[in-house]
Amino acid sequence: MAGLRGKALVAYLVVCVFWGSTYLAIRVGVSVLPPFLFAGLRFLIAGTLLLAVVLALGDKLPRRLVDWRTQAIVGILLLAGGNAFVVWAEQFTASGIASIFVVTVALWMAFFDAIIPGGSGDLNWRVVMGLLLGFIGTALLVGASPAEILRADLRGPIALTCASASWSLGSVYSKRHHTETSPYVGAAIQMIAGGTTVAVLGLLLGEGSRWHLTPRGVGAIAYLVVFGSILGYSAYTYALRHASPTIVGTYAYVNPVIAVLLGWLILSEPVTARTFLAMALIVGAVAWIQFANKIPNRVGRSDSRTESATTVRQSDSPTVSQSTSS
């Protein structure tokens, strides 16, 4: 943490706390509001507010149609396919457990970056080992044995797995399709595109008849808009600009701990030794994939004991495209 000082350290702590607490706010929200309209409205409000602020401060809208299209696709994959299904899954899954599942985004990103042409990915033994370790941890969250897994309510785990995969696809797509849009305008467009898609889906599913705002629902939306999307994203961006992405990326390991503890303290969600073991396996797998490939491999030495050139590939950080993940 030596690379984090002053305001950058404060911004990092804000991201850890705020984004770790969003799972609790989502759990509260889906207890009183239909999930897709809840998620869609949250992102529509946050995206509109963010866009208004950055345009007022002098930022510009994209000039090229391809940039609009790219941001819309990324927003749909990240928010409609990713975050919205996290919201839906929290109807059936405790907030702490959901946060641990979402950490597997880093595993999916390593996998997709390795198999989709055009990236720096490499499906080597380190990545495979990390994926297997993460899979074991995920299975442990659902049940300790195959029989328990088959008897468990799999709606939440399946939705969370699909959400993580969709978020990872969106992240890889974003890496492959660079735009000339500023990160703030891009995030706002992504939230508006994703929020609109999710809200329309909710209306098509008949959620409009179940939309009844309550103080708990308003509070959940307000918290997610202000602390999850606007302040959390701004703090994340500031931290990235003033510290190493690798250091800032460790917030993804802190979020599940905060989410599990808040769920236990406030909502009395069950926390067992198996929960912590599964969390340790998944977080360990993410850390293994993210940091293992930073270690250079010596491919040989000449007679003069000079090392030959080594190629060091940095695994995709799970935070690169997670600016609107929470």
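A few notes on this one:
- Within the stretch 92-117, the set of residues being in contact with a helix residue (DSSP H, G or I) (Cβ under 8 Å, 6 or more places away or on another chain), outside any helix (DSSP H, G or I) and not aromatic (Phe, Trp, Tyr) comprises Thr93, Ala94, Val103, Thr104, Ile116.
- Residues that are aliphatic (A, V, I, L, M) and either within 17 Å of the chain's Cα centre (by Cα) or surrounded by 19 or more Cβ atoms within 10 Å (Cβ to Cβ) (or both), drawn from the stretch 189-213: Ile189, Met191, Ile192, Ala193, Val198, Ala199
- Cβ pairs under 7 Å, 6+ apart, first in the stretch 207-235 and hydroxyl-bearing (Ser, Thr, Tyr), second surrounded by 18 or more Cβ atoms within 10 Å (Cβ to Cβ) and part of a helix (DSSP H, G or I): Tyr223/Ala25; Ser229/Ala46; Ser229/Met191; Tyr233/Ala187
- In the stretch 159-176, residue nearest to Ile97 (Cα to Cα) [restricted to those that are modelled with pLDDT of 85 or more and surrounded by fewer than 22 Cβ atoms within 10 Å (Cβ to Cβ)]: Thr161
- When the stretch 78-94 is limited to residues that are touching a Ser or Thr at 6+ places or on another chain (Cβ under 6 Å) and buried (at least 24 other Cβ atoms within 10 Å of the Cβ), the one that is modelled with the highest pLDDT turns out to be Ala80.
- Residue list for the stretch 181-199, restricted to those being out of contact with any helix residue (DSSP H, G or I) (no Cβ under 6 Å at 6 or more places or on another chain) and outside any helix (DSSP H, G or I): Ser182
- Check on Ile97, at pLDDT 90 or above, buried (at least 16 other Cβ atoms within 10 Å of the Cβ) and not charged (D, E, K, R): no
- A single member of Arg63, Arg69 is among the charged types (D, E, K, R), free of Cβ contacts under 8 Å to residues at least 40 places away in the same chain and under 27 Å from Leu169 (Cα atoms), and it is Arg69.
- For the stretch 59-67, the count of residues that are more than 16 Å from Ala187 (Cα to Cα), touching a Gly at 6+ places or on another chain (Cβ under 9 Å) and outside any helix (DSSP H, G or I) is zero.
- Candidates Arg42, Arg27 - the one that is under 22 Å from Thr161 (Cβ atoms), buried (at least 24 other Cβ atoms within 10 Å of the Cβ) and basic (Lys, Arg): Arg27
- Across the stretch 257-310, the qualifying residues are those that are among the aromatic types (Phe, Trp, Tyr) and within 21 Å of the chain's Cα centre (by Cα), and the one among them that is modelled with the highest pLDDT is Phe276.
- Check on Gly130, closer than 17 Å to Ile26 by Cβ, in a helix (DSSP H, G or I) and in contact (Cβ under 8 Å) with a residue 40 or more places away in the chain: no
- Against the list (1) more than 19 Å from Ile26 (Cα to Cα); (2) crowded, with 16+ Cβ neighbours inside 10 Å; (3) not polar (S, T, N, Q), the condition Arg241 fails is (2).
- Any hit, the stretch 142-149, residues being surrounded by fewer than 17 Cβ atoms within 10 Å (Cβ to Cβ), within 19 Å of Met279 (Cα to Cα) and modelled with pLDDT of 75 or more: no
The values are calculated or read from the model by the stated rules, or taken from the named source; none is laboratory data. Worth saying up front: this structure is predicted, and the values here are computed from it rather than measured. All Cβ positions, glycine included, derive from the backbone under ideal geometry; neighbour counts span all protein chains shown.
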